[in-house]
Amino acid sequence: MIDATLSRRSLIAAAGLGAAALAGCSRQPTPPSNGSSGVLKFSIVAPESASSLESYWRPIIADMEKATGLKIEPYIGANYTALVEAMRFKQTHFGWFTNLSGLEAIRRADGEVFARTFDPTGDDGYNSVILVPASSKTTLEDILRCDRTLNFGIGDAKSTSGTLAPKTYLFSPKGIDVQTCFKTLKSANHNTNLVGVANGVLDAGTGNSTSLRLQRERDVERAAKGEPTLGDKVRVVWTSPRLPEDPIVWRKDLDPAVKEKLRQFFLTYAQGEGAEAERQRGLLAKLSIGGFKPADDNHLLRVREMEATENVLEAQRSGDPKRIADARKALDGVKAEEAALQARTGQPVDAN
């Protein structure tokens, strides 16, 4: 759930780090170190508090350095587009992405999926949700009325659960254009939406099940300290179908020996028994990650289908016959890939 785990679990990214990341994307491209010299940069989606997120990843990256013998530094992005651009211009070498931003990294930044996360609860997947204030009488029917009376918070443009899923599974099938549906439409990360809804600044907003669960877990600690809580101030009025977990993406041109070291680290980290494995699982749990499984670009087939479905629905709203035909052809192509993969593996696409 970056859409996908904390990647999809949002707090406000620190402005200084975000500006640095965006500024980095505008510099001249620099060649990747490939681990042969210099530093490997691991990009991290920062819909959560950038400082908190970096503190969670620091000990994991230290373990990564120890296990691989590589020098690795975190690269915090203010938004999903910043991380795609950083990889595109060879300022980062591998990273934790949401599904939709990972797809963009493959298309535009010479990336490929080599692993994906799974949830520590054993519930392999997550859901997009729409939240309203717990104290309000707002219903899903009120939201879908589209009478331009509600203030709505949607996700980053490259957020799977914050934007793509609610459009694909809720709004577009009903012929609703979110741009014209509400009094105001504000694009932000999951936590900003949750805070806005909890405080009544927003009448409704998108989020995801993992982000909400993490908030409620944090609320237990906050309540014990007498601090204000947020999770009990919102309620869910819509839940999407299951969404796939987050991909880990590297640049294709990374040195093969470096790739293998990274692959071995991710696929063995927090696995097995004993005190060390328990320590590692504890570190990942703060990110709502249970560990990593092998994956490839087929991991994003379901997200490609969502994207293609949304394109068909948008084309139908436009009434343009050629645009409709092209969109349907693209969707049929993705479905054919899914069918071929299922025939080859004997497993549903989501299991790959």
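The values are calculated or read from the model by the stated rules, or taken from the named source; none is laboratory data. Predicted model only: the values in this text are computed from it and were never measured. Here Cβ is always computed from backbone atoms with ideal geometry, including for glycine, and neighbour counts include all displayed protein chains. Surface areas here come from the heavy atoms of the whole protein model, side chains and all, with no ligands, DNA or RNA. Shrake-Rupley method; radii C 1.70, N 1.55, O 1.52, S 1.80 Å.
Remark: pairs (first residue in segment 118-130, of a type outside the set (D, E, K, R); second residue assigned to a strand (DSSP E or B) and open to solvent by 10 Å² or more (accessible area, probe 1.4 Å); Cβ separation under 6 Å; 6+ apart in sequence or on different chains) = F118/K293; N127/T239; V129/V236; V129/T239; I130/V237; I130/W238. Counting only strands (runs of 3 or more DSSP E) that sit completely within segment 166-275, those holding 2 or more residues that are farther than 25 Å from G111 by Cα and not hydroxyl-bearing (S, T, Y) correspond to 184-187, 204-208, 234-239. Among the residues making up segment 302-352, those that are of a type in the set (A, V, I, L, M, F, W, C) and under 20 Å from K167 (Cβ atoms) are V303, M306, A308, V312, L313, A315, I324, A327, A330, L331, V334.
Can you say whether K261 is touching a helix residue (DSSP H, G or I) at 6+ places or on another chain (Cβ under 9 Å) and basic (K, R), as far as the supplied structure shows?
In short, yes.
For segment 136-153, which positions are in contact with a strand residue (DSSP E or B) (Cβ under 8 Å, 6 or more places away or on another chain), open to solvent by 10 Å² or more (accessible area, probe 1.4 Å) and not in a helix (DSSP H, G or I)? Residues satisfying the conditions are T138, T139, L150, N151. A Cβ distance below 9 Å, combined with a sequence gap of six or more or placement on separate chains, defines the contacts here; from segment 306-320, residues that are open to solvent by less than 20 Å² (accessible area, probe 1.4 Å) reach residues that are hydroxyl-bearing (S, T, Y) in the pairs M306/T160; M306/T168; M306/Y169; E310/T168; E310/S172; V312/S172. The number of residues in segment 242-261 that are more than 30 Å from G38 (Cβ to Cβ), open to solvent by 60 Å² or more (accessible area, probe 1.4 Å) and not basic (K, R) comes to 0.
Screening segment 107-135 for residues that are over 16 Å from the mean Cα position of the chain (by Cα) and assigned to a loop (DSSP other than H, G, I, E, B) and picking the one that is farthest from L164 (Cα to Cα) gives S135.
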